[in-house]
1. How many residues are touching a Gly at 6+ places or on another chain (Cβ under 6 Å) and either of a type in the set (S, T, N, Q) or within 20 Å of G11 (Cβ to Cβ) (or both) if we restrict to region 22-49?
2. If we scan region 37-47, do we find a residue that is modelled with pLDDT of 85 or more, among the hydroxyl-bearing types (S, T, Y) and over 10 Å from the mean Cα position of the chain (by Cα)?
3. In region 11-57, how many are outside any helix (DSSP H, G or I) and aliphatic (A, V, I, L, M)?
Amino acid sequence: MIYAKEFSPLGVVSALRETSVLFAALIGVVLLGERPWKSRLAAAFVVMSGVVVIALR
(Lines give C-alpha, C1' and ligand atoms only; values in the text may rest on other atoms or scores of the structure.)
Protein backbone atom coordinates (compact mmCIF):
# COMPACT_ATOMS: atom_id res chain seq x y z
CA MET A 1 0.00 0.00 0.00
CA ILE A 2 2.86 2.37 0.70
CA TYR A 3 4.11 1.82 -2.85
CA ALA A 4 0.62 2.34 -4.31
CA LYS A 5 0.12 5.65 -2.54
CA GLU A 6 3.00 7.11 -4.51
CA PHE A 7 0.94 6.78 -7.69
CA SER A 8 -2.61 7.45 -6.48
CA PRO A 9 -4.33 9.69 -3.95
CA LEU A 10 -4.30 8.31 -0.43
CA GLY A 11 -8.11 8.16 -0.27
CA VAL A 12 -8.29 5.77 -3.19
CA VAL A 13 -5.51 3.57 -1.81
CA SER A 14 -7.05 3.36 1.65
CA ALA A 15 -10.46 2.56 0.17
CA LEU A 16 -8.92 -0.28 -1.79
CA ARG A 17 -7.17 -1.54 1.34
CA GLU A 18 -10.45 -1.71 3.25
CA THR A 19 -12.02 -3.94 0.63
CA SER A 20 -10.01 -6.81 2.12
CA VAL A 21 -12.29 -6.60 5.17
CA LEU A 22 -15.30 -7.09 2.91
CA PHE A 23 -13.77 -10.09 1.18
CA ALA A 24 -12.82 -11.64 4.52
CA ALA A 25 -16.37 -11.24 5.85
CA LEU A 26 -17.91 -12.74 2.73
CA ILE A 27 -15.49 -15.66 2.64
CA GLY A 28 -16.14 -16.34 6.32
CA VAL A 29 -19.91 -16.38 5.89
CA VAL A 30 -20.17 -18.13 2.52
CA LEU A 31 -17.29 -20.61 2.51
CA LEU A 32 -16.63 -21.20 6.20
CA GLY A 33 -20.19 -20.92 7.46
CA GLU A 34 -19.33 -18.51 10.27
CA ARG A 35 -22.16 -17.35 12.47
CA PRO A 36 -23.78 -14.93 13.35
CA TRP A 37 -23.88 -13.97 9.69
CA LYS A 38 -26.34 -11.08 9.96
CA SER A 39 -24.16 -8.97 12.23
CA ARG A 40 -21.07 -9.83 10.16
CA LEU A 41 -22.70 -8.70 6.94
CA ALA A 42 -24.07 -5.58 8.64
CA ALA A 43 -20.56 -4.66 9.78
CA ALA A 44 -19.24 -5.32 6.26
CA PHE A 45 -21.93 -3.00 4.89
CA VAL A 46 -20.79 -0.25 7.29
CA VAL A 47 -17.21 -0.71 6.10
CA MET A 48 -18.37 -0.65 2.48
CA SER A 49 -20.22 2.61 3.11
CA GLY A 50 -17.04 4.13 4.50
CA VAL A 51 -15.07 2.90 1.48
CA VAL A 52 -17.54 4.58 -0.85
CA VAL A 53 -17.37 7.83 1.09
CA ILE A 54 -13.56 7.82 1.08
CA ALA A 55 -13.37 6.94 -2.62
CA LEU A 56 -15.84 9.62 -3.69
CA ARG A 57 -14.30 12.31 -1.55
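The values are calculated or read from the model by the stated rules, or taken from the named source; none is laboratory data. Only a predicted model underlies this, so the values are computations on that prediction, with no experimental measurement involved. In this analysis, Cβ positions are derived from the backbone assuming ideal geometry, glycine residues included, and neighbour counts consider all displayed protein chains.
1. Here is the first cut: in region 22-49, the residues touching a Gly at 6+ places or on another chain (Cβ under 6 Å) are 34.
After this cut, where a residue has to be either of a type in the set (S, T, N, Q) or within 20 Å of G11 (Cβ to Cβ) (or both) as well, the list is none.
Counting residues in region 22-49 that are touching a Gly at 6+ places or on another chain (Cβ under 6 Å) and either of a type in the set (S, T, N, Q) or within 20 Å of G11 (Cβ to Cβ) (or both) gives 0.
2. For region 37-47, residues modelled with pLDDT of 85 or more, among the hydroxyl-bearing types (S, T, Y) and over 10 Å from the mean Cα position of the chain (by Cα): present.
3. Step one: filter region 11-57 for residues outside any helix (DSSP H, G or I), giving 31-36, 57.
Checking the rest, the ones that are also aliphatic (A, V, I, L, M) come to 31-32.
The number of residues fulfilling the criteria is 2.
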